[in-house]
Amino acid sequence: MPNKREFKKYVEALGASVIEELMIVYSNVDNADRQAISTSVGNLLEAIEQARANANVTFDRGPRSFDSLKDYSKAKKDFYCALFNKISSEFEKEVEDGLKVLNAQIPAEDKENLKKIANE
């Protein structure tokens, strides 16, 4: 589990990368569906902000509500692992949706050329 700062940087970097690629397609592909790309960019921006905000959630129980400090530490660790796994999976789903929109906007002949380049 990364710390909150690293997680927020990861979310921003990944989201910005996908948004950048979407904007490149928006600007350079003539017959791209600009409305779908705009919607996808908006969804990604919302997902970035939502993931960043959810990363600030704190464990709401104190050590006194547990039998021992070991139980408290285990419960706190389990809470944060579950929290970050949930936030990550929701964010990655939004990124995948953005990538699907991106791939749908690239013309078929360009996809073939990219496959040839990748296989060389």
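Evaluation of Ser65 against the conditions (1) over 24 Å from Glu6 (Cβ atoms); (2) of a type in the set (S, T, N, Q); (3) at pLDDT 90 or above shows that the sole unmet condition is (3). Check whether at least one residue in the stretch 76-85 is under 22 Å from the mean Cα position of the chain (by Cα), of a type outside the set (A, V, I, L, M, F, W, C), in a helix (DSSP H, G or I) and closer than 23 Å to Ala16 by Cβ, and report yes or no. Yes, there is a match, as at least one residue in the stretch 76-85 is under 22 Å from the mean Cα position of the chain (by Cα), of a type outside the set (A, V, I, L, M, F, W, C), in a helix (DSSP H, G or I) and closer than 23 Å to Ala16 by Cβ. In a residue-by-residue description of the stretch 7-26, the property of being in contact (Cβ under 8 Å) with a residue 60 or more places away in the chain, on the phi < 0 side of the Ramachandran plot, of a type in the set (A, V, I, L, M) and not in a helix (DSSP H, G or I) applies to no position.
Of everything in the stretch 12-57, what is closer than 17 Å to Tyr80 by Cα and within 15 Å of the chain's Cα centre (by Cα)? Give them in sequence order. Answer for the stretch 12-57, where residues must be closer than 17 Å to Tyr80 by Cα and within 15 Å of the chain's Cα centre (by Cα): Gln50, Ala51, Arg52, Ala53, Asn54, Ala55. Residues that are loosely packed, with under 15 Cβ neighbours inside 10 Å and in contact (Cβ under 8 Å) with a residue 40 or more places away in the chain within the stretch 78-98 comprise Cys81, Glu90, listed in sequence order. Scanning the stretch 99-120 for residues that are without any contact (Cβ under 8 Å) to a residue 12 or more places away in the chain and of a type in the set (Val, Ile, Thr) yields one hit, Ile117. Looking only at the stretch 22-53, residues that are surrounded by 17 or more Cβ atoms within 10 Å (Cβ to Cβ), closer than 26 Å to Asn3 by Cα and among the aliphatic types (A, V, I, L, M) come to 4 in all.
The values are calculated or read from the model by the stated rules, or taken from the named source; none is laboratory data. What you see is a predicted model; the values in this text were computed from it and never measured. As a convention, Cβ positions derive from the backbone with ideal geometry for all residues, glycine included, and neighbour counts pool all protein chains shown.
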